[in-house]
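Below: the structure, in structure tokens.
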Amino acid sequence: MQDGTPENSTVKDANDLEYVGKAWQVTYKDVKHAEQRASQAISETIALIHADDTREITLVISGEAGQGLQTIAHILARMFMNGGLHVLAVSEFMSRIRGGSNSVTLRAAHRSVRALNEHIDLCVLLDKKALQRLRGRCAADTILIGDPAIFVDEMGMFPLPLKELSANIGGAMYNNSLVCGYITRLIGWELSHLEIALTRIFTDCDLLAKNCAAARVGWEYGVDNSGRCSIPPCEAKPGSILLDGSQAVALGAVAGGCTFISSYPMSPSTEVLTHLAKLAHAHGIIVEQAEDEISAINMGLGSWYAGGRAMVSTSGGGFDLMAEGLSLCGAIESPMVIHLAQRPGPGTGLPTRTEQADLEIARYSGHGEFPRAILAPGSPEEAFTCTAHAFTMADLSQSPVIILTDQYLLDTLYDLDPFELPDTAPGSRIIATTEDYRRYAPGPDGISPRGIPGLGVGRVCVDSDEHDDEGCITEDFDVRISMVDKRLSKLRLLREDLALPPRLYGPAYFKILIVGWGSTAAVVAEALEQLQPVATSFLHCIQIYPVSKAISDHLHRAKQIIVIENNATGQFARLLKAETGCAVSREWHKYNGLAFSVDEVVELLRQEVEL
Amino acid sequence: MSENSYLRTGCDVAWCPGCGNFGILKIVNETLQEMELDPRQTVVVSGIGQAAKTPQYLNLHFFNGLHGRALPAATAIKATNRNLTVIAESGDGDMYGEGGNHFTHCIRRNPDLTNIVHNNMVYGLTKGQASPTSPHGLVTPLQVDGVILEPFNPIAVAIALDASFVARAYVGHADQTRAILKAAIRHRGYALVDILQPCVTFNKLNTYRWFEEHTTPLAADHDHTDKIQAFARACENDPLRLGIFYQNEKPVFEDQLAAYLDDSRPLFERRVDLNKLAETVRVMG
């Protein structure tokens, strides 16, 4: 809150957004620092991929929905992290609560791993259908593990008679810990590694004791195969944390000063709302499940109007319903943060799968013309910094900022270093209004000082009808032109001053430039690291709209541009062509509902890029 | 106009001569004057339509948003700063048609706001089509053979949802309407005031005279704490009853939010506690 005097509400300089008076001085430089920290965090992520120890293990657990695969993934991921390994846990699941056939893939390694390979070292099959689905990823050296009661005729499978073993320790609900115990033995680790992880997962003493007992049964049963698929533990890196993309977005929102979230549940966006609900009390955040997405975004806009810092979290169909609210946001020049979690469409599509096919609705939805920004994080670190930055960006530009993630990024578990938090707590650039306050008074870059009702003595009037500088309805043609121009002139801030830069992986002098956005980052980076093709680099675009000069410059320097994206029609390629005039020579698409694997990108590079 | 008027001067008012909206605007202004509400702490939220233009003519903060969406915005404004007095004001098409889902769930939420609905039983701004409250048989440019849908009964719906304050008024009875509005604004919780008004241009059936003949006050001994009695009166169509049907004190939405459990400040006065956030990251990770 600021106790602004009348002169505090005026803007001094058109170019630097540094406002006069106590109230405004905190602001702009802090943004720059935040950006530097953001890009530093991103480059550190990449640097980790170069560690030289290449030992790693990929393990898959497959079963029906309701068998607790997520729990197994969490237990094992934590055990690997505590054992000094880097770990990635990717879930693929069907849209159902029980049955079906789902799987989690864990990749653990001594170097940082941020993407998936196809090949499986260890495959635990808890249901019969799984084998058929996973056979393509299994090779002669893959160890298959299954209950002989289910896989009667399967040759060469390591038998793990779960039903029989769990009968004496409380039944099938302890299968998960039993499986974890068996796996722990197969990779040659002591039971204590697993017990520490279980302690973290099960807080109830009785439940913990029973799960530890089950883990021991599994571990002891594996005695004959101890270390068959070994990867040695090492010293744990102190302070490492285990988070998925949804948690990173939620924590980024808190770091960005979010005080209000209203949303309607929809996979895969719901977890962000769920995490913030758990933090509502501790961090003083209003969390409300709206009756629909239309209500959610209108609540968000109401909150910003009254001094809140609001966000909504949604997915494609829900975002469609928000389109009118997004347009209102443009009309009343409200800040707004929208988390748009992509899943394959059209219609209901594949609710639990991944895709990058909502870029164009993020860019074009909402009637009329008004500025917006779209940020597409490619890692949990970027999800954190993008979400935090989105609040600053929205507040300073008085425009909507969309964080475009996808199911793959959100549901994947990663080990990471703790986030670097901002030095100062962010707050809104609001002023105490004076008697003559006009909400839409002209200002540099189209920004009018933003007042809120109840702070100061002026009237704060916003209207979705075309309005004059006081917010009153008008049909004056000259005022119309000046208001359209005012709104559109805010785009410069988003394109330049507040823009998040892209990341270049590979040599600074390149002939071929592979361009991606969002969650493809780690896969492409690892594939390039593996093959080291000649004069080829990868540009990971984090802010995908407005397209910054930095992206445009890189594109203009390339002889050949290849755009990779998780959709069927090349939405980003189209946007780049339109915005930069550069020709895209090839496009790599995937749209079966799964993310690219490293092997797939390696194969594409082999076929289409000179090595 | 008296000295402490809440009316904005010099407006080009967009209503037809004789429109019931003028009467409602006058009554709202007089009510606010009598209550001496602090105009700097009062926000009027509206949607789109002729009634939704009301805030334009008041000297108060306003949020004139989307058609049908006044209640979500109003709910959030009140929740974001509990010191504000919030009035959500729009027409019958806006609140009961386009905003029908928000209407029902806003009642369930029970934020402390006053919901004034200008109910003229027809669409004005889009030129005379049926509204959710149009009577059976009303012939319009679009319902050329007359309305065949059952009219929406906002009073009965609100009571069924256990709204905390439910009233119907008629613009022609200024004294009673002012008294109802005052009680509604004073009431802590969601308060519905459905104000009957004629549309002199498009509704030739429900005229000033029709309302005089087809409305009557609730009986003097009506017990507005008795939900069943209130519902029975709400179901009476002819004459339509006027007055406070139902009042039910219960906890308001914003007071129950975790964000206010140990911090009563409005959201704009808050900053994230970075030490606490560091701890949250550690615990979550």
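Here B:Asp273, B:Asp255 are screened, and the one residue that is surrounded by 15 or more Cβ atoms within 10 Å (Cβ to Cβ), farther than 30 Å from B:Tyr170 by Cβ and within 8 Å of chain A (Cβ to nearest Cβ) is B:Asp273. For the structure I just gave you, tell me whether A:Ser315 is under 26 Å from B:Gly100 (Cβ atoms), within 12 Å of chain B (Cβ to nearest Cβ), of a type in the set (Ser, Thr, Tyr) and crowded, with 24+ Cβ neighbours inside 10 Å. The answer is no for A:Ser315.
When you look at B:Gly124, is it crowded, with 24+ Cβ neighbours inside 10 Å and modelled with pLDDT under 95, yes or no? Spelling it out, B:Gly124 is indeed crowded, with 24+ Cβ neighbours inside 10 Å and modelled with pLDDT under 95. Does region A:362-370 contain at least one residue that is surrounded by 24 or more Cβ atoms within 10 Å (Cβ to Cβ), closer than 22 Å to A:Leu340 by Cβ and either modelled with pLDDT under 95 or under 15 Å from the mean Cα position of the chain (by Cα) (or both)? Looking for residues that are surrounded by 24 or more Cβ atoms within 10 Å (Cβ to Cβ), closer than 22 Å to A:Leu340 by Cβ and either modelled with pLDDT under 95 or under 15 Å from the mean Cα position of the chain (by Cα) (or both), one finds none in region A:362-370, hence no. Please specify each residue of region A:222-235 satisfying the condition of being hydrophobic (A, V, I, L, M, F, W, C) and surrounded by fewer than 14 Cβ atoms within 10 Å (Cβ to Cβ). Within region A:222-235, A:Val223, A:Cys234 meet the criteria. A single entry from A:Gly300, A:Gly284, A:Gly307, A:Gly316 fulfils the requirement of being closer than 15 Å to B:Asn81 by Cα, under 23 Å from the mean Cα position of the chain (by Cα) and of a type outside the set (D, E, K, R): A:Gly300. Of all residues in region A:285-317, how many are in contact with a Lys or Arg (Cβ under 6 Å, 6 or more places away or on another chain) and more than 23 Å from A:Arg343 (Cβ to Cβ)? Count: 1.
With a requirement of 3 or more residues that are farther than 30 Å from B:Ala79 by Cβ and at pLDDT 95 or above, the helices (runs of 4 or more DSSP H) lying completely within region A:152-270 that satisfy it span A:175-186, A:191-201, A:205-221. Tell me, please, whether a residue that is surrounded by fewer than 24 Cβ atoms within 10 Å (Cβ to Cβ), away from every other protein chain (no Cβ under 13 Å) and not basic (Lys, Arg) can be found in region A:282-295. Within region A:282-295, not a single residue is surrounded by fewer than 24 Cβ atoms within 10 Å (Cβ to Cβ), away from every other protein chain (no Cβ under 13 Å) and not basic (Lys, Arg).
With the condition being out of contact with any Leu (no Cβ under 9 Å at 6 or more places or on another chain), I'd like the strands (runs of 3 or more DSSP E) fully within region B:180-265 carrying at least 1 qualifying residues. Even if it seems obvious, please write down each step before you answer.
Values: elements: B:191-196, B:215-217, B:240-247.
Answer list for region B:180-265: B:191-196, B:240-247.
If you check A:Asp485, A:Asp478, A:Asp497, which single one turns out to be in a loop (DSSP other than H, G, I, E, B), more than 12 Å from B:Phe62 (Cα to Cα) and either more than 7 Å from chain B (Cβ to nearest Cβ) or modelled with pLDDT of 95 or more (or both)? Break it down stepwise before answering.
Numbers: A:Asp485 fails: in a loop (DSSP other than H, G, I, E, B); A:Asp478 fails: in a loop (DSSP other than H, G, I, E, B).
One residue alone meets the criteria, A:Asp497.
Residue count for region A:417-475 satisfying the condition of being under 30 Å from the mean Cα position of the chain (by Cα) and at the interface with chain B (Cβ under 9 Å from one of its Cβ atoms): 11.
On the basis of being modelled with pLDDT of 95 or more, β-branched (Val, Ile, Thr) and either in a helix (DSSP H, G or I) or surrounded by 22 or more Cβ atoms within 10 Å (Cβ to Cβ) (or both), does A:Thr71 make the cut?
Working: modelled with pLDDT of 95 or more: no; β-branched (Val, Ile, Thr): yes; either in a helix (DSSP H, G or I) or surrounded by 22 or more Cβ atoms within 10 Å (Cβ to Cβ) (or both): yes.
Here the answer is no, as A:Thr71 does not meet what is asked.
Within region A:127-151, restricting attention to residues that are outside any helix (DSSP H, G or I) and within 31 Å of the chain's Cα centre (by Cα), the residue that is nearest to A:Thr199 (Cα to Cα) is A:Asp127. Condition test on A:Tyr414, is it over 13 Å from the mean Cα position of the chain (by Cα) and aromatic (Phe, Trp, Tyr)? No, not satisfied.
What about A:Leu321, is it at pLDDT 95 or above and more than 13 Å from every other protein chain (Cβ to nearest Cβ)? Against the criterion (at pLDDT 95 or above and more than 13 Å from every other protein chain (Cβ to nearest Cβ)), A:Leu321 does not qualify.
State which residue is surrounded by the fewest Cβ atoms within 10 Å (Cβ to Cβ) when the search covers only region A:262-281 and only residues that are among the hydrophobic types (A, V, I, L, M, F, W, C) and within 7 Å of chain B (Cβ to nearest Cβ). Outline the logic, then answer.
Quick first cut of region A:262-281, residues among the hydrophobic types (A, V, I, L, M, F, W, C) only: A:266, A:272-273, A:276-277, A:279-280.
Still in the list and also within 7 Å of chain B (Cβ to nearest Cβ): A:279-280.
Values: A:Leu279: 21, A:Ala280: 18.
Per the criteria, the residue is A:Ala280.
Screening region B:26-103 for strands (runs of 3 or more DSSP E) wholly inside it with 1 or more residues that are within 12 Å of the chain's Cα centre (by Cα) and more than 10 Å from chain A (Cβ to nearest Cβ) returns the ranges B:85-91.
The values are calculated or read from the model by the stated rules, or taken from the named source; none is laboratory data. Quick caveat, the model's predicted, so the values are computed rather than measured. As a convention, Cβ positions derive from the backbone with ideal geometry for all residues, glycine included, and neighbour counts pool all protein chains shown.
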